[in-house]
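A short worksheet on the structure shown next.
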Amino acid sequence: MTADNRFWNSVYQSGQENRYPWDYIVSFIYNFKPNIEASKTNILELGCGTACNLWFCAREGFNVYGLDYSSHAIQKCEERFQAEKLTGEFRCGDFTKIPWADSTFHLVLDRGSLTCASFTEITNAFDDIFRVLKPGGRFIFSPYARTHTSASSGVYKQETRLVSNIDAGSLQGIEQICFFDEKQIYEVIGNKWNILDIELLTKEKLHENMKSIHAEYHVVLEKPY
Ligand SMILES: C[S@@+](CC[C@H](N)C(=O)[O-])C[C@H]1O[C@@H](n2cnc3c(N)ncnc32)[C@H](O)[C@@H]1O
């Protein structure tokens with residue numbers, strides 16, 4: 001992904017935002033949070049957008065931190081948290097260079113964000129996520145799958161493994177996506193993580209003029225102690 005943030009800035013500037021948390025992020029937190037008080041648990045979301053997931057975490061009493069390279073998104077996070085008297089720390093920046101110290105977080109969330117970057121950038125982000133997680137900390141990665149209708153509707157570049165000009169399926173209009181297959185999932189994970197879960201979720205729309213497939217992986221990893 002280029003360092004350019006015009007695409008996502010224009011999305012947020014046009015008023016689009018996710019207000020409520022994603023169901024699988026809620027499940028991940030429920031199933032994989034550490035067995036300590038919420039007020040002692042640090043959660044980072046990479047590509048946090050307008051903080052729909054962190055809003056839920058903050059309301060549950062967790063310490064929340066958000067990183068997004070869209071300044072409009074970060075501004076919206078701050079405004080919402082201020083209006084609802086919630087506490088959170090939001091920074092504008094790139095998830096390949098996470099601006100927090102080593103071993104800071106118990107949980108790191110990715111909801112549809114890393115998949116917006118090139119395969120090399122995702123690999124770099126994985127190294128930095130490993131660095132900022134505490135030993136025993138967990139990370140959820142949620143890239144789209146190659147079987148997604150949008151994957152075959154755009155232009156694929158071998159060099160970056162990104163598809164752009166997506167003109168069909170649920171990701172139509174999104175600037176660029178790196179779609180994964182199982183081999184690439186294992187390639188990006190490498191050998192330093194404990195793998196806690198890998199799921200492929202596929203949803204098929206069946207009605208005549210809506211026929212399409214939405215497919216994404218949910219990968220849960222742990223930094224070994
Ligand atoms: C599909 S949105 C997801 C937003 C949020 N996670 C949610 O669930 O609503 C992808 C987000 O990733 C951010 N993003 C994309 N590439 C990024 C990068 N290299 N560094 C930081 N943020 C990035 C975009 O600005 C955008 O907010």
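The values are calculated or read from the model by the stated rules, or taken from the named source; none is laboratory data. For clarity, every value in this text was computed on a predicted model and none was experimentally measured. Cβ: placed from backbone, ideal geometry, glycine included. Neighbour counts: every protein chain shown. Surface accessibility is based on the protein's heavy atoms, side chains included, excluding ligands, DNA and RNA. Shrake-Rupley method; radii C 1.70, N 1.55, O 1.52, S 1.80 Å.
Looking at the stretch 9-119, what helices (runs of 4 or more DSSP H) fall wholly within it and have at least 3 residues that are more than 15 Å from the ligand (Cβ to nearest atom) and surrounded by fewer than 20 Cβ atoms within 10 Å (Cβ to Cβ)? Spell out the reasoning first.
Working: elements: 23-32, 52-59, 71-83.
Because the criterion is at least 3 residues that are more than 15 Å from the ligand (Cβ to nearest atom) and surrounded by fewer than 20 Cβ atoms within 10 Å (Cβ to Cβ), the helices (runs of 4 or more DSSP H) in the stretch 9-119 that meet it are 23-32, 71-83.
In the stretch 139-147 there is at least one residue that is more than 21 Å from Gly49 (Cα to Cα) and open to solvent by 10 Å² or more (accessible area, probe 1.4 Å).
The set of residues in the stretch 120-144 being within 18 Å of Ile177 (Cβ to Cβ) and in a helix (DSSP H, G or I) consists of Thr120, Glu121, Ile122, Thr123, Asn124, Ala125, Phe126. Of the listed requirements (1) in contact (Cβ under 8 Å) with a residue 40 or more places away in the chain; (2) closer than 19 Å to Glu121 by Cα; (3) open to solvent by 30 Å² or more (accessible area, probe 1.4 Å); (4) in a strand (DSSP E or B), Leu196 misses just one: (2). Taken together, the criteria place Thr50 among residues that are of a type in the set (Ser, Thr, Tyr) and touching a helix residue (DSSP H, G or I) at 6+ places or on another chain (Cβ under 6 Å).
Residues in the stretch 168-193 that are within 21 Å of Ser10 (Cβ to Cβ) and open to solvent by 100 Å² or more (accessible area, probe 1.4 Å): Gln172 only. Each residue in the stretch 199-225 was checked for being of a type in the set (Ser, Thr, Tyr) and open to solvent by less than 60 Å² (accessible area, probe 1.4 Å), and 2 pass. Kindly indicate the residue of the stretch 159-201 that is farther than 19 Å from Thr149 by Cα and of a type in the set (Asp, Glu) and also farthest from the chain's Cα centre (by Cα) among those meeting that condition. Restricting to residues being farther than 19 Å from Thr149 by Cα and of a type in the set (Asp, Glu), the top hit is Glu159. Of the residues making up the stretch 172-225, those that are under 17 Å from Tyr24 (Cβ atoms) and within 16 Å of the ligand (Cβ to nearest atom) are Phe180, Leu201, His214, Ala215, Glu216, Tyr217, His218, Val219.
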